[in-house]
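Note sheet for the following structure.
The values are calculated or read from the model by the stated rules, or taken from the named source; none is laboratory data. Please read these numbers as outputs of a predicted model, since none were measured by experiment. A quick note on method: Cβ atoms are made from the backbone with ideal geometry, for glycine too, and the neighbour counts reach across all protein chains shown. These area figures cover heavy atoms from the full protein model, side chains too; ligands, DNA and RNA do not enter into them. Shrake-Rupley method; radii C 1.70, N 1.55, O 1.52, S 1.80 Å.
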Amino acid sequence: PAAMMPMGYQAHPYHRPIVGWVSDRDAMTPGDARAFYQRWYTPANAAVVVAGDVDVAQVRALAEKTYGRIKTRPVPPRKPREEPEQWGMRRLDFKAPAEQAFVNMAFKVPSLAAHALEQSPLDSQTQDVLALTVLSAVLDGYEGARLDRALTQPSDHVADSAGSHYGLSGRGPQLFMLQG
């Protein structure tokens, strides 16, 4: 699974692991880490998420007390990275000692733009995004969903587990994945 993103993306930042390649981490100095933190960790590039049964006024006051003191600055401009069109299938066969085989297939698909649901009627890309969301739910969204029923039931047992995943609203391009 860790090789899926580098196989799926060539130019987009999703090509790189979240914490970087091992060689990047090995070569990083404390100064490199501090410079990255100073550049990107700013209130203009952050979100505070609160869940549960809370007093909104109390949470807001606590957030303003905690985060309101942090000096804000603009987020540096991001460099645009256009993912080149993919021509044909990419495939990785990885052979290693294991008790079970694992198959992971991914397809490049559109993601939901922040403003897309405000359009009336919905554009074709937004319709595709919503259809992919429903497809993923039908395939793997509940106990006994279609992938599970078709591949893991005792009578036709060809897999111990099977599933699908679709990111829907991630930043940038997305993958629709099927796994077993």
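Side notes on the structure shown:
- Residue count for the range 3-16, restricted to those that are open to solvent by 50 Å² or more (accessible area, probe 1.4 Å) and outside any helix (DSSP H, G or I): 2
- Verdict on Val109 being farther than 30 Å from Pro43 by Cβ, in contact (Cβ under 8 Å) with a residue 24 or more places away in the chain and out of contact with any Cys (no Cβ under 7 Å at 6 or more places or on another chain): yes
- Exclusive hit being touching a helix residue (DSSP H, G or I) at 6+ places or on another chain (Cβ under 9 Å), closer than 30 Å to Glu82 by Cα and assigned to a helix (DSSP H, G or I), set Val138, Val134, Val129: Val129
- Candidates Ser124, Ser136, Ser111, filtered to the one that is among the hydroxyl-bearing types (Ser, Thr, Tyr) and open to solvent by 60 Å² or more (accessible area, probe 1.4 Å): Ser124
- Test: residue in the range 94-106 that is modelled with pLDDT under 90, open to solvent by less than 100 Å² (accessible area, probe 1.4 Å) and under 30 Å from Trp40 (Cα atoms): no
- Matching residues, the range 14-58, being touching a residue at least 24 places away in the same chain (Cβ under 8 Å) and touching a helix residue (DSSP H, G or I) at 6+ places or on another chain (Cβ under 8 Å): Tyr14, Pro43
- Among the residues listed as Asp148, Asp160, the single one being open to solvent by 30 Å² or more (accessible area, probe 1.4 Å), assigned to a loop (DSSP other than H, G, I, E, B), out of contact with any Pro (no Cβ under 6 Å at 6 or more places or on another chain) and farther than 30 Å from Ala11 by Cβ: Asp160
- Of the residues making up the range 59-83, those that are in contact (Cβ under 8 Å) with a residue 24 or more places away in the chain, surrounded by fewer than 10 Cβ atoms within 10 Å (Cβ to Cβ) and under 29 Å from Met4 (Cα atoms) number 1.
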